[in-house]
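What follows is one structure encoded as structure tokens, with my remarks underneath.
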Amino acid sequence: MQENEAFPSLRLSSPDALRPHITIGPPGEPIVLHSGPIDFIQNVQRFRADGRVCLAWLPTPQVRFEVPHLPNGVHPELDGLSLQLDDGTAISRGQVTASNHRIGSEGYSASLSGIVAERVTRPADGPVNHVLFLLPNFPFLIGKSVQYPEGSVRLSRLTLRSDGWIITLDAVADQKAVEESLSTQSGFGITHVGRLEREAGTPFAAAEALPVLDALACYGSFAAGRWTGPCLPTGFDAVGKQVWQIWDYFRTTPFRTCDSWLDSNHGEQFEDPFPGFMRLWLDKDWNDVIRTAIHWYVEANAQSGSIEGSIVLTQTAFELLVSSVLVEHHGWLSTGGHDNLAAADRIRLLFLWAGIPTAVPAELADLTRQAKADNWPDTATAMTMIRNTITHPTKKNREKFGKHLNGARTDAWRLGLWGLELCLLRLFEYRGTYGNRIRPHWVGEIETVPWAL
């Protein structure tokens, strides 16, 4: 949304948007972290050279170092080495990946490049007032209004609050250009600038911030339906002086358009489930369950292993949730009762606990036809019967697989993702709206989660 004369009050009431704490270029361009002299140590060899350290995105995200001109007589091996910067930053795990030698009109020259194979806190941890970070490949959502340096006002602020922490996300100033680049070329681009601070305003260290950013990476990936997470967190004191910077990133995959439960016109759908997510995330008995279930969800949404593999992944997540929710935490089933139930019965009971309808949705036309032909009474049966033809490839099941409508498998995949999204939102005790991936809809068309009706 652009500010104009019709909305003068919006400009006056809107806070300034967060600005990147590091110079960032267009999508795909490396982010330079250090440029200047670096001391290198490899075995007994020590040399000093001008180099550059950057967060490079392609072909995969990595913190890399480059030395375009090695000193005469220096011949590093393809092995590990350590790096030392003039501010005292020590990097013990560097890995040489390329050493190039060439002879040209100016004589012999050599260059060196490699990766930084550890998390680096530069120069050292210490108390800070707030942390700024960059977030790549996250969807642009409508939130609260913020004002950008060129004068525009946009509804791009998202705020997460939980456990005494506040996380603020603002879309980057060149949002439209980044969005167009990612949607047409894929790759990696910084979409948001984030700020982490304590609600009470008290100082904290990098060691305290990183677990919160880890939680944001998992939750943000669940919301986006693809892997994304904060990178290059930088701590500042109360007067805005940089105290430290962490050279690291959380898992991020190339941009791809994908469905999720999140509607881009409703930023509150991202904000409201977060406290419930954090409640479980901070519980040691739940953390691994939530982390693993979201892992299977994101991988299935990416069609890892194609449609068939993704069907298996969603039902692996269902089995995890059945065991954790119905046996370990709510006592709906004993261990023996769980083991004696068929897979379809377990998933059906999980949906009953969550308040998720079990009738095969009419919108899944091919799955509906297949269910009628094979007398599958509900979603749990349909999903497990299709899954069984994939995971148990006996001759009988291979014949069944060959007779199934191709669209029925795609429908089963969509159905599994829909059910998994809702089960997780139910675990987070969310009672708001969501975008239903099963029903064709426009952006902005939402519905209330079924257990809140």
Being in the same structural domain as Glu447 (by TED's automatic domain parsing) and under 23 Å from Leu427 (Cβ atoms) is the requirement here; does Ser306 meet it?
no
Could you run through the range 23-50 and say how many residues are more than 15 Å from Leu85 (Cα to Cα), assigned to a strand (DSSP E or B) and either under 35 Å from the mean Cα position of the chain (by Cα) or of a type in the set (Phe, Trp, Tyr) (or both)?
1
Please find, among Thr384, Thr389, the residue that is crowded, with 21+ Cβ neighbours inside 10 Å, of a type in the set (Val, Ile, Thr), within 21 Å of Leu320 (Cα to Cα) and more than 30 Å from the chain's Cα centre (by Cα).
Thr389
Within the bounds of the range 49-60, is there any residue that is among the aromatic types (Phe, Trp, Tyr), at negative phi, at pLDDT below 95 and surrounded by 13 or more Cβ atoms within 10 Å (Cβ to Cβ)?
no
Per the filter on the range 174-189, residues crowded, with 19+ Cβ neighbours inside 10 Å and over 16 Å from the mean Cα position of the chain (by Cα) are Val178
Against the condition out of contact with any His (no Cβ under 8 Å at 6 or more places or on another chain), surrounded by 15 or more Cβ atoms within 10 Å (Cβ to Cβ) and aliphatic (A, V, I, L, M), how does Ile438 come out, does it pass?
yes
Going through the range 83-103 in order, the residues found to be charged (D, E, K, R) and in a strand (DSSP E or B) are Arg93, Arg102
In the range 153-186, which residues are outside any strand (DSSP E or B) and touching a helix residue (DSSP H, G or I) at 6+ places or on another chain (Cβ under 9 Å)?
Asp163, Val172
Does Trp376 satisfy the condition of being of a type in the set (Phe, Trp, Tyr) and not in a helix (DSSP H, G or I)?
yes
Residue check, Pro393 assigned to a loop (DSSP other than H, G, I, E, B), touching a Phe, Trp or Tyr at 6+ places or on another chain (Cβ under 9 Å) and touching a residue at least 40 places away in the same chain (Cβ under 8 Å)
no
Looking at the range 314-335, which of the residues that are polar (S, T, N, Q) and in a helix (DSSP H, G or I) is farthest from Arg387 (Cα to Cα)?
Thr335
Residue pairs within 6 Å by beta carbon, gap of at least six or interchain, first lying in the range 60-74 and part of a strand (DSSP E or B), second of a type in the set (Phe, Trp, Tyr), listed first then second, are Val63/Trp247
For the range 439-450, pairs from a residue that is touching a residue at least 12 places away in the same chain (Cβ under 8 Å) and hydrophobic (A, V, I, L, M, F, W, C) to a residue that is surrounded by 13 or more Cβ atoms within 10 Å (Cβ to Cβ) and assigned to a helix (DSSP H, G or I), with Cβ under 9 Å and 6 or more apart or across chains, are Ile446/Gln269; Val449/Leu422; Val449/Leu425; Val449/Arg426
Could we say that Ala171 is in contact (Cβ under 8 Å) with a residue 60 or more places away in the chain, surrounded by 15 or more Cβ atoms within 10 Å (Cβ to Cβ) and either farther than 17 Å from His266 by Cα or out of contact with any Cys (no Cβ under 8 Å at 6 or more places or on another chain) (or both) here?
yes
Just checking, how many residues over the range 282-313 are under 21 Å from Thr384 (Cβ atoms) and either in contact with a His (Cβ under 6 Å, 6 or more places away or on another chain) or loosely packed, with under 14 Cβ neighbours inside 10 Å (or both)?
2
How many residues are over 24 Å from Asp174 (Cβ atoms) and touching a strand residue (DSSP E or B) at 6+ places or on another chain (Cβ under 9 Å) if we restrict to the range 14-51?
16
Does Leu160 meet the test of being buried (at least 16 other Cβ atoms within 10 Å of the Cβ), over 19 Å from Thr252 (Cβ atoms), in contact with a strand residue (DSSP E or B) (Cβ under 9 Å, 6 or more places away or on another chain) and in contact (Cβ under 8 Å) with a residue 12 or more places away in the chain?
no
Count of residues meeting criterion [over 19 Å from Glu118 (Cβ atoms) and touching a Leu at 6+ places or on another chain (Cβ under 9 Å)] in the range 70-100:
5
Suppose we keep only residues that are among the aliphatic types (A, V, I, L, M) and in a loop (DSSP other than H, G, I, E, B) within the range 218-267. Which one would you say is surrounded by the most Cβ atoms within 10 Å (Cβ to Cβ)?
Leu262
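The values are calculated or read from the model by the stated rules, or taken from the named source; none is laboratory data. Every value quoted in this text rests on a predicted model; they were computed, and no experiment measured them. Quick reminder, even Gly has a Cβ in these numbers, built from the backbone with ideal geometry, and neighbours come from all protein chains shown.
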